[in-house]
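Trainee: Here's a structure for you.
Any read-out appearing in this document is the output of simple, stated calculations on the displayed coordinates, not a laboratory observation. The model shown is predicted, which means the values in this text are computed figures rather than measured ones. Positions of Cβ are backbone-derived with ideal geometry, glycine not excepted, and every protein chain shown enters the neighbour counts.
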Amino acid sequence: MSLLALEALEVAYGGIRAVKGIDLAVESGELVCLIGANGAGKTTTLRAVTGLVPAAGGRVLYDGADISRLRVHEIARRGLALVPEGRGVFPQLTIEENLAMGAYARSERSAVRADEERVYGLFPRLKERRRQTAGTLSGGEQQMLAMARALMSRPRLLALDEPSMGLAPIMVEKVFEVIRAIAAEGVTLLLVEQNARLALETSHRGYVLEGGLVTLQGEARALLGDPRVREAYLGE
Amino acid sequence: MDTFLQQVINGLTLGCVYAVVALGYTMVYGIIQLINFAHGEVVMIGCMTAFSVIVALAGSGLPPIAIVLLGTSAAVPVCMIVGYVIERVAYRPLRNAPRLAPLITAIGVSIVLQHLALLVWSRNIIAFPQIIQLKLFRLGHSDTSAAISNVQVAVIVASVVMMAGLLLLVHRTKVGIAMRATSQNPLVAGLMGVDVNRVISFTFVVGAALGAVAGVMVGTYYGIAHYQMGFLLGLKAFSAAVLGGIGNLAGAVLGGILMGLIEALGAGYVGDFTNVCFLDKFLPGFSNACFASPESSLFGSNYKDVYAFIVLILVLVFRPSGLLGERVGDRA
């Protein structure tokens, strides 16, 4: 059984269907990416999975249960974390407080403290600045914080929306290093990314979205070699 | 000097009450950007509930302090329920409506609460039974020295304790961090597993509890209550919150205390400075008035309610974000 399965998912914004019936599956332990142009429905799909927008049709099965009618915090409490587009850090909270928010639903204090040390190990920059407010961080550091915060919830499935957006190339590389490290720890990942090459090189499998529909899917390596992907998304 | 000190003491006492009420406005504004105009009525209901309990127990032989505490412990849960219901019934359905809709609803809720209170407690001015023996502590050696009363001390101490408690709650506890996170980005707070609706309810309930205690303080300090008392009190506390920077807790405290001082000093001095004989020394045209009624002033202490709104207007003109506010509000 897949950890996450979308069955004919549809999402509409005021009568306009942005997602028109997507089938998608993420197996436990996998790193799956969603690529496609602007407006293809990638972000909308993630928003529907995490309950930020209601599904207009179809089902979202997570761990075997339909979560498409649950509220945002109920989905989050089941271990499905999202690092939203634009990072969404709390600018006036300190880094420590942002991380505490990540662990909001957890009660085991010592385990939370251990995880805090773990994410500080992954992101040493954050430890140095843990008493600063998040708004004072650079864009790349805020992306790191958003990812660290999501890890604090001990997610079973971590969804990342455009983690490379707006970052300097060196930061992009760092972000993807961390993504690989997280995957290596056994966390299941669903990655939405405009940088198709980087996404496919990092992932096990990929889906190509176009106009709210899945047009191609398969092993990431196969997609990298597919002439249609190469022409449309890799600029060749 | 004695008069000045006396007005400062009176102003501080009043300012503490304004600050506690202003915290209720600013907490709700901070979290959902709504001006809860019904908050003044919550304070009134707290005052009235305490009044009913105090009247019922006045002849019971219990020590006065116990009676007031029992009155308070009845007022607090009543107001918490009122605060919860207001949010649940009137504001939550309008969470995503245009900003003007909840604002008008708030005014409607305020009118509804006033008239409910009218039905329960009548339209008369209600006198609190004088169960607490007023004791004055002179701050000097003569009988005309400034004095602070036991009620004033109690009001100031209780206010400081509540304000400190609220700051601790908001800055040191998990639910406090969740409140601040929700005010900064409710969608992302939801992604962290925070039940945003519960945090918003909690904010209303805490604000209402503070309002209840403020109501008891006003009632015991002035000794009277009326079903419309929440209107002016609420408006002044709201002005105080705007003065300090609405949405900012420290700002509400600062704004409240300044507002109390402005009102007390205004009432104490503007009368003297606008006395017709005093003005006659500097300006032509007052000599007849000075001769006819040397005691009269252009603006007497009955103008005290005006100062709060002069301050509100000046703040809105010169510093719309308030003394400690950062964001300039473009919201209704």
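Trainee: For the range B:2-318, what is the largest minus smallest coordinate of the Cα atoms on each principal axis, given in angstrom and ordered from greatest to least?
Mentor: 72, 54, 39
Trainee: Also, I was wondering about something else. Can you compute the charge dipole magnitude of the protein assembly as shown about its Cα centre, using +1 on each Lys and Arg Cβ and -1 on each Asp and Glu Cβ, nothing else charged? Give it in debye, rounded to the nearest 20. Walk me through the numbers before you get to the answer.
Mentor: Details: 46 positive and 41 negative charges, 104 e Å.
Result for the protein assembly as shown is approximately 500 debye, rounded to the nearest 20.
Trainee: Which whole-angstrom value gives the distance between the alpha carbon centres of the range A:102-134 and the range A:1-40?
Mentor: 31 Å
Trainee: For B:Leu166, what charge total do you get from the other residues with a beta carbon under 13 Å from its beta carbon, if Lys and Arg give +1 and Asp and Glu give -1? All intermediate terms of the calculation are to be shown ahead of the outcome.
Mentor: Values: positive: B:Arg172, B:Arg180; negative: none.
Taking every other residue near B:Leu166 into account, the sum is +2.
Trainee: Return A:Thr94, B:Thr26 ranked ascending by Cβ neighbour count within 10 Å, so the fewest neighbours appear first.
Mentor: Working: A:Thr94 17, B:Thr26 32.
Listing A:Thr94, B:Thr26 from fewest to most nearby Cβ atoms yields A:Thr94, B:Thr26.
Trainee: When DSSP beta bridges are limited to those with both residues in chain A, what percentage is antiparallel, rounded to the nearest 5? Could you put the intermediate results ahead of the total?
Mentor: Values: 22 of 40 bridges.
Of the beta bridges lying entirely in chain A, close to 55 percent run antiparallel.
Trainee: Oh, and also: Net charge within 12 Å of A:Asp115 by Cβ-Cβ distance, Lys/Arg positive one each and Asp/Glu negative one each, not counting A:Asp115 itself? Kindly include the intermediate steps, with their values, before the conclusion.
Mentor: Working: positive: A:Arg106, A:Arg109, A:Arg113, A:Arg118, A:Arg149, A:Arg154; negative: A:Glu108, A:Glu116, A:Glu117, A:Glu185.
Net local charge, A:Asp115 excluded: +2.
Trainee: Using the count of nearby Cβ atoms within 10 Å as a rough guide to exposure, how do B:Leu118, B:Leu103, A:Leu80 rank from fewest to most? Numbers along the way, then the final one.
Mentor: Details: B:Leu118 14, B:Leu103 17, A:Leu80 27.
By the 10 Å Cβ count, ascending, the order reads B:Leu118, B:Leu103, A:Leu80.
Trainee: Quick one: compute the contact order of chain A, relative version, from alpha carbon pairs under 8 angstrom and 6+ residues apart, as a percent. Don't skip to the end; give the middle numbers.
Mentor: Numbers: 455 pairs, mean separation 65.4, N = 236.
Reported as a whole number, the value is 28 percent.
Trainee: Taking neighbour counts of Cβ atoms within 10 Å as a proxy for exposure, in what order, fewest first, do B:Phe299, B:Phe4 appear? It would help to have the intermediate numbers written out before the result.
Mentor: Numbers: B:Phe299 16, B:Phe4 12.
Taking fewest neighbouring Cβ atoms as first place, the list is B:Phe4, B:Phe299.
Trainee: Picking from A:Gln217, A:Gln142, A:Gln194, which is most flexible by a Gaussian network model of chain A using Cα springs under 10 Å?
Mentor: Of A:Gln217, A:Gln142, A:Gln194, the Gaussian network model singles out A:Gln217 as fluctuating most.
Trainee: If packing is taken as the average count of other Cβ atoms within 10 Å, what order do A:34-43, B:287-296 fall into, highest mean first? Each step should come with its number before you reach the end.
Mentor: On the way: A:34-43: 21.0, B:287-296: 12.3.
Highest mean packing first, the order is A:34-43, B:287-296.
Trainee: Within 10 Å of each Cβ in B:179-189, how many Cβ atoms from other chains are there, averaged over the peptide?
Mentor: On the way: counts 0, 5, 8, 2, 2, 8, 6, 1, 6, 14, 7.
Counting Cβ atoms of other protein chains within 10 Å of each residue's Cβ and averaging gives 5.
Trainee: How high is the relative contact order of the range B:2-318? Use alpha-carbon pairs under 8 Å, at least six apart in sequence, and give a whole percent. Can you show the working numbers first?
Mentor: Numbers: 515 pairs, mean separation 108.1, N = 317.
Relative contact order here is 34 percent.
Trainee: May I ask which residue of B:Asn36, B:Ala101, A:Gln132 lies farthest towards the positive end of the charge dipole of the protein assembly as shown, with charges of +1 (Lys, Arg) and -1 (Asp, Glu) on Cβ and the Cα centre as origin?
Mentor: B:Asn36
Trainee: Give me the one-decimal Kirkwood hydrodynamic radius in Å for the range B:162-234, with the sum taken over alpha-carbon pairs. Walk me through the numbers on the way to the answer.
Mentor: Numbers: mean 1/r = 0.0712 Å⁻¹.
Kirkwood hydrodynamic radius for the range B:162-234: 14.1 Å.
Trainee: Largest first, please: the extent of the C-alpha atoms of chain A along each principal axis, to the nearest Å.
Mentor: Projected onto its principal axes, the Cα set of chain A covers 47, 40, 34 Å.
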